[in-house]
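One structure below.
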Amino acid sequence: MRSDRLLATLLLLQTHGRLPAPEIARRLEVSTRTVRRDVDALSSAGVPVYCERGRRGGVALLEGYRTDVTGMTDDELRALVALGSSDGALGPALASASRKLLAALPAARREGVDRARRRLLVEHQGWRRAPEDLPALPALDAALVADERVRLHYATGDAAVATWRTVDPYGLVSKAGTWYLVAAHRGRPKMYRVSRVRDVARTGTPARRPDDRDLAEVWAELRDRLQEPTAEVEVRVLVDPAWASTLRRVALAVLAGPWRQEGTAPDGREVLVAPFRSVLAARAGLLGYGDAVEVLEPESLRADMAEAAARVVALYRGGAARSSLPSPPGAD
């Protein structure tokens, strides 16, 4: 982006006083012609920058001119550069910006900040989750910059058919590797998963949000509403020790709170207790472990597990595989 390149050029000149245009181009990974255009842009913006010809010439700032950008502490610089180590949709742009910021730092500070960058990796993608396909993200970002109302071709949940709706965006949120658009639809704030947006149509008209709240405030309301407990159920299980660590880790997605260990059974199995978000979530999260996990309480879930297991056994003991399967949703 040009704005971060202009800032990096200014920081380079402030740090080194004078630099040849080819050296600036090398550090910022651009052409010498781009450097000259950037110098003209800085000058037009009121920055006292000029070019000197000759063997000792180069691009320079008027002596004594300073900006307050390098007033950042080392902790602040490390935090900014660490963003460049993150994955996800903004990863390439953040990495490019961090390289330019590093190039503009004095050598004494650059070494420590660069070391921190190489020792820290921010990965947003969760375990056993494929990266999301986000073809609509650039168009949504462009609409947000323009503060425009947009039309979304959106598939709710696992719906095979997407429908069009007109929304007024508040902004984009990345949570645990998943991107959401927060927008008002018919005057009510909602969240839309960006990977389910099939197409985006810009309207060219200003967004008309129902209130003046900022993105963080609206997101907090939607998030808290989604996380409100509905039908939580506390489950006590016996777990084969060989599977205990796997269960603790994998089942986190359907838990409403942490696991607690309540001792060991005479046969060596661990007794674990945790609140699940619902009976359905508990059954889905535990049934796949077979006899490595036994539900003790509540009795209703234990009975539900037994019935589900019996249906699975009956399915696979029913003889040959079914000759015909139902068509997937949306198939002709």
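The values are calculated or read from the model by the stated rules, or taken from the named source; none is laboratory data. Since this is a predicted model, take the numbers as computed values, not measurements. Virtual Cβ from ideal backbone geometry, glycine too; neighbours counted across all protein chains shown. Heads up: the accessible areas ignore ligands, DNA and RNA and are worked out on the full protein's heavy atoms, side chains in. Shrake-Rupley method; radii C 1.70, N 1.55, O 1.52, S 1.80 Å.
Tallying residues that are out of contact with any strand residue (DSSP E or B) (no Cβ under 8 Å at 6 or more places or on another chain) and under 18 Å from residue 52 (Cα atoms) within segment 24-40 yields 7.
The residues listed here are 55, 36; of these, the one that is modelled with pLDDT under 80, farther than 25 Å from residue 145 by Cα and more than 33 Å from the chain's Cα centre (by Cα) is 55.
The residue of segment 164-185 that is nearest to residue 150 (Cα to Cα), among those that are open to solvent by 40 Å² or more (accessible area, probe 1.4 Å) and modelled with pLDDT of 90 or more, is 166. Residues satisfying the criterion are present in segment 249-265 (criterion: more than 25 Å from residue 174 (Cβ to Cβ), of a type outside the set (Asp, Glu) and crowded, with 16+ Cβ neighbours inside 10 Å).
Quick check on segment 27-49: of everything there that is among the small types (Gly, Ala, Ser), in a helix (DSSP H, G or I) and open to solvent by 40 Å² or more (accessible area, probe 1.4 Å), which residue is farthest from residue 63 (Cα to Cα)? Let's see the steps before the verdict.
To start, the set of residues in segment 27-49 that are among the small types (Gly, Ala, Ser) comprises 31, 41, 43-46.
Going one step further and asking which of them are in a helix (DSSP H, G or I), we end up with 41, 43-44.
Retained after the next criterion (residues that are open to solvent by 40 Å² or more (accessible area, probe 1.4 Å)): 43-44.
On the way: 43: 15, 44: 18 Å.
For segment 27-49, the residue satisfying everything is 44.
Out of segment 170-186, which residues are in contact with a strand residue (DSSP E or B) (Cβ under 9 Å, 6 or more places away or on another chain) and part of a loop (DSSP other than H, G, I, E, B)? Show your work before the answer.
Going through segment 170-186, the residues in contact with a strand residue (DSSP E or B) (Cβ under 9 Å, 6 or more places away or on another chain) turn out to be 170-174, 178-186.
186 - this is the single residue of segment 170-186 that is in contact with a strand residue (DSSP E or B) (Cβ under 9 Å, 6 or more places away or on another chain) and part of a loop (DSSP other than H, G, I, E, B).
If we keep just the residues of segment 9-26 that are over 12 Å from residue 59 (Cβ atoms) and touching a residue at least 12 places away in the same chain (Cβ under 8 Å), which is surrounded by the most Cβ atoms within 10 Å (Cβ to Cβ)? Restricting to residues being over 12 Å from residue 59 (Cβ atoms) and touching a residue at least 12 places away in the same chain (Cβ under 8 Å), the top hit is 11.
All of (1) closer than 30 Å to residue 189 by Cα; (2) out of contact with any helix residue (DSSP H, G or I) (no Cβ under 8 Å at 6 or more places or on another chain); (3) among the hydrophobic types (A, V, I, L, M, F, W, C); (4) at pLDDT 85 or above hold for residue 276 with one exception: (2).
Listed here are the strands (runs of 3 or more DSSP E) enclosed by segment 248-298 that have at least 1 residues being farther than 17 Å from residue 312 by Cβ and without any contact (Cβ under 8 Å) to a residue 12 or more places away in the chain: 260-264.
Can you confirm whether residue 311 is modelled with pLDDT of 85 or more, open to solvent by 80 Å² or more (accessible area, probe 1.4 Å) and among the basic types (Lys, Arg)? Judged against the criteria, residue 311 is a match.
Among the candidates 299, 294, the residue that is surrounded by 10 or more Cβ atoms within 10 Å (Cβ to Cβ), under 27 Å from residue 248 (Cα atoms) and at pLDDT 90 or above is uniquely 294. Residues in segment 142-153 that are touching a residue at least 12 places away in the same chain (Cβ under 8 Å), farther than 10 Å from residue 202 by Cβ and surrounded by fewer than 16 Cβ atoms within 10 Å (Cβ to Cβ): 147, 153.
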